[in-house]
Amino acid sequence: MAKWDLQLRELVLNATPEVTEALIEGMVGLSMTENQPGEAAGERARSLRKRQTVSEGLLWSVLRAKQLCGLKFRRQHPIEPWIVDFACRERMLVVEIDGGYHDHVVENDLKRQKHLESMGWKVIRFRDKDVEEDAEAIVRAIARELNLVYEFSPRKATGSGMSSIKGTKKR
């Protein structure tokens with residue numbers, strides 16, 4: 001975890017109710033991941049991928065490379081005007097991971113979800129703590145939501161990202 005993440009966590013844990021409320025209000029804009037005018041969706045999505053949360057990284061590690069039921073998922077995927085945590089375009093499924101601050105932005109989340117559903121997307125949500133405690137249960141729930149038999153195929157230790165590990169580089 002980055003140093004500033006730890007500092008922010010410490011600040012939130014020791015904050016007065018007034019400071020906590022101000023922090024939450026500031027986080028609302030960050031949590032919604034709605035594109036700002038003039039901001040390219042691709043740039044915003046790339047920025048979000050670079051600073052993913054622990055739970056997003058964990059879930060991505062089991063969704064990427066068609067490991068879950070052969071489905072292709074994208075992370076921090078733009079669906080204008082939103083950027084969703086994970087999307088499977090083939091099944092029109094959005095998977096959102098909600099952190100603790102989502103308790104304070106329920107109305108915004110519902111507005112966003114209704115808009116995505118009006119575009120034909122199915123939205124399912126999981127708490128970040130649930131992902132961190134049992135990622136396999138989460139991917140099983142995703143498969144069940146899609147009426148699929150759970151099938152997990154671990155990705156091979158080759159390809160992109162593996163060339164920096166000694167001994168795996170192809171010559």
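I'd like the Karplus ³J(HN,Hα) series for region 78-85: coefficients 6.51, -1.76, 1.60, θ = phi - 60°, whole numbers in Hz, and an x wherever there's a Gly or Pro.
Rounded to whole hertz, the list is x, 10, 3, x, 9, 10, 9, 4.
Using amide H atoms built in the peptide plane, which far-off residues or other-chain residues are under 5 Å from Val123 H to H?
Placed amide hydrogens put Val94 under 5 Å from Val123.
Give me a comma-separated list of calculated 3J(HN,Hα) values for region 45-50, in order, Karplus coefficients 6.51, -1.76, 1.60 applied at θ = phi - 60°, integers in Hz, x for any Gly or Pro.
My calculation for region 45-50 gives 4, 4, 4, 5, 5, 5 Hz in order.
Readers should treat all values here as calculations from the given coordinates under stated rules, not as data from a laboratory. Please read all numbers here as calculations on a predicted model, not as lab measurements.
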